[in-house]
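Shown next, in structure tokens, is the structure this report addresses.
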2 protein chains.
Amino acid sequence: MKKDPTAPRPRGRPRKFDREAALQIAVRMFWRRGFEATGIQDLADAMGLAPPSLYAAFGDKKTLFREAIAAYQAGPGAFARRAAEDGGPAREVIAASLRAAAHAFTDGEHPPGCMVILSTTNHGPGADDLAAWLRTLRTDGTQADWTRRIERDVADGLLPAGTDAAGLARFYMTVLEGMSIQAGDGADRAALEAVATLAMTAWPAQITQSTASPRI
Amino acid sequence: MKKDPTAPRPRGRPRKFDREAALQIAVRMFWRRGFEATGIQDLADAMGLAPPSLYAAFGDKKTLFREAIAAYQAGPGAFARRAAEDGGPAREVIAASLRAAAHAFTDGEHPPGCMVILSTTNHGPGADDLAAWLRTLRTDGTQADWTRRIERDVADGLLPAGTDAAGLARFYMTVLEGMSIQAGDGADRAALEAVATLAMTAWPAQITQSTASPRI
DNA sequence: CTTTTTTCATAGTGACCACTAAATATACCA
DNA sequence: TGGTATATTTAGTGGTCACTATGAAAAAAG
């Protein structure tokens, strides 16, 4: 991902700002204020550039916002994906995600809460498309992934047959979404961890490992 | 609350619109789009008035917003207060609140979710005061009320000594806040009721009525 | 050197924002 | 009927919005 020092330099005048650093500034502003309340002028000022340089580097405001969301998901918002990578049972994955969220939402280095959950909860008609896109990131992303993991555990006999996988996944997504608002309202790390722990006590009775059919 | 027909009519030219109906329109617009994404022009158009009439009747935008929040709390947002009025144990009050929320958030007559939770989650620097006010409505309102009820149940012996009342109240507020986002994302009434039911399974083991000291 | 390519800073564009000055209309009251 | 008080309509105010036309500056290529 680093740039190749042997690569030929581009032809024109080199830009005098760090595009990646400027993108991180956009992430933080959109994260804290949302899409509509963040102005191009605010972004350009914080990045130390004039608006034309911003437009040349990132395109229009919606394009920049989409890239900022992608950068969030690849960086500070990667906690859920990382928690899912070990491929363990759904209960472990979700518990780890909520714990990681409690940590990430209160790390002091970033705005509180999850950018995907918070940054278009309010929007005018001009941002309906962005709001719909973020909604699919929530429901077809994390929540659908959790649903599939729970279904797999039911198939494996780890959870009772008849378990409402979609409902269970929605409950934990609801908790994650609420934790984002709580973080914005000032809840500290211990408070969010307590919320996560309490939420996990709602998990259905697991079938003991001895009676469950092992996964191949 | 109805106007007295024997009261003398006011002196000047009577206004030709229904102030209460106009306020309800403002409630719905602020509820759906939030404070900043709702324009005075949009409000005036929807109410069928010109901006000066709106300013004469309601004052500036922030004042109208505050009145809209008050109207929401007195009307569609009164479900939590109503659920609390019977004065029963905290578990019943909170369970009833979540059930009522699942119903209210999906009644089809109003925007989805809770206005107090949703309408300033994104805001620019110009609305910091409104956002802070709504935060106090959440944390010092419903959440603090639930905390006091849980503390009372602990004192009454209904819940184990050492129960983290503030943490338990925060957990259920987190669920309520998440339900608001889920409602906006399209979760239907049955889905939200399932979330509420699942959340209540996290309630700590109650002490049986026979062993608990009765409330005077 | 000159030419080409890209970025830069200046200085705007029209559209919309919350909000209002001024004139007119409609009520009550003396 | 005239005076007063309030509401209404028209037509704006300055400010900010996202966005850009223009030309100078800075690099590589010839």
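The values are calculated or read from the model by the stated rules, or taken from the named source; none is laboratory data. Note that this is a predicted model, so its numbers are computed, not measured. Cβ atoms come from the backbone with ideal geometry, glycine included; neighbour counts cover every protein chain shown.
Working carefully through the options B:63, B:139, find the one that is of a type in the set (S, T, N, Q) and within 14 Å of the chain's Cα centre (by Cα).
B:139
For the condition of a type in the set (Ser, Thr, Tyr) and closer than 23 Å to residue B:200 by Cα, what is the one hit in A:174, A:136, A:208?
A:174
Would you mind stating whether residue A:20 is at pLDDT 95 or above, among the charged types (D, E, K, R) and within 12 Å of DNA strand D (Cβ to nearest atom)?
no
Give me the residue from the range A:22-31 that is within 16 Å of DNA strand C (Cβ to nearest atom) and in contact (Cβ under 8 Å) with a residue 24 or more places away in the chain and, out of that set, nearest to the other protein chains (Cβ to nearest Cβ).
A:26
Taking residue B:54 as the residue in question, decide whether it is within 14 Å of DNA strand D (Cβ to nearest atom) and surrounded by 19 or more Cβ atoms within 10 Å (Cβ to Cβ).
Answer is yes for this residue.
Out of all the residues in the range B:65-85, which are within 17 Å of residue B:21 (Cβ to Cβ) and surrounded by 21 or more Cβ atoms within 10 Å (Cβ to Cβ)?
The answer is B:68, B:72.
Quick check: anything in the range B:114-122 more than 23 Å from residue A:184 (Cβ to Cβ) and modelled with pLDDT of 95 or more?
There is no residue in the range B:114-122 that is more than 23 Å from residue A:184 (Cβ to Cβ) and modelled with pLDDT of 95 or more.
Please go through the range B:63-94 and pick out each residue that is over 30 Å from residue B:197 (Cα atoms) and more than 16 Å from DNA strand D (Cβ to nearest atom).
B:65, B:66, B:68
Of the conditions (1) touching a helix residue (DSSP H, G or I) at 6+ places or on another chain (Cβ under 8 Å); (2) under 22 Å from residue A:122 (Cα atoms), residue B:94 fails just one. Which one is it?
The one condition residue B:94 does not meet is (2).
So is residue B:41 surrounded by 11 or more Cβ atoms within 10 Å (Cβ to Cβ), more than 16 Å from DNA strand C (Cβ to nearest atom) and either more than 14 Å from every other protein chain (Cβ to nearest Cβ) or at pLDDT 95 or above (or both) or not?
Against the criterion (surrounded by 11 or more Cβ atoms within 10 Å (Cβ to Cβ), more than 16 Å from DNA strand C (Cβ to nearest atom) and either more than 14 Å from every other protein chain (Cβ to nearest Cβ) or at pLDDT 95 or above (or both)), residue B:41 does not qualify.
Take the residues of the range A:157-167 that are touching a helix residue (DSSP H, G or I) at 6+ places or on another chain (Cβ under 9 Å) and more than 7 Å from every other protein chain (Cβ to nearest Cβ): which is surrounded by the most Cβ atoms within 10 Å (Cβ to Cβ)?
Among residues in the range A:157-167 that are touching a helix residue (DSSP H, G or I) at 6+ places or on another chain (Cβ under 9 Å) and more than 7 Å from every other protein chain (Cβ to nearest Cβ), the one surrounded by the most Cβ atoms within 10 Å (Cβ to Cβ) is A:159.
Can you tell me which condition residue A:125 does not meet? The list is (1) within 14 Å of the chain's Cα centre (by Cα); (2) surrounded by fewer than 15 Cβ atoms within 10 Å (Cβ to Cβ), and all the others hold.
Result: residue A:125 passes all but (1).
Would you call residue A:12 farther than 30 Å from residue A:178 by Cα, within 13 Å of DNA strand C (Cβ to nearest atom) and in contact with a helix residue (DSSP H, G or I) (Cβ under 9 Å, 6 or more places away or on another chain)?
No: the conditions fail for residue A:12.
Given B:109, B:67, which one is among the charged types (D, E, K, R) and away from DNA strand C (no atom under 15 Å from the Cβ)?
B:109
For the range B:107-115, does any single residue satisfy the condition of being in a helix (DSSP H, G or I), under 24 Å from residue B:198 (Cβ atoms) and within 11 Å of chain A (Cβ to nearest Cβ)?
No, there is no match, as no residue in the range B:107-115 is in a helix (DSSP H, G or I), under 24 Å from residue B:198 (Cβ atoms) and within 11 Å of chain A (Cβ to nearest Cβ).
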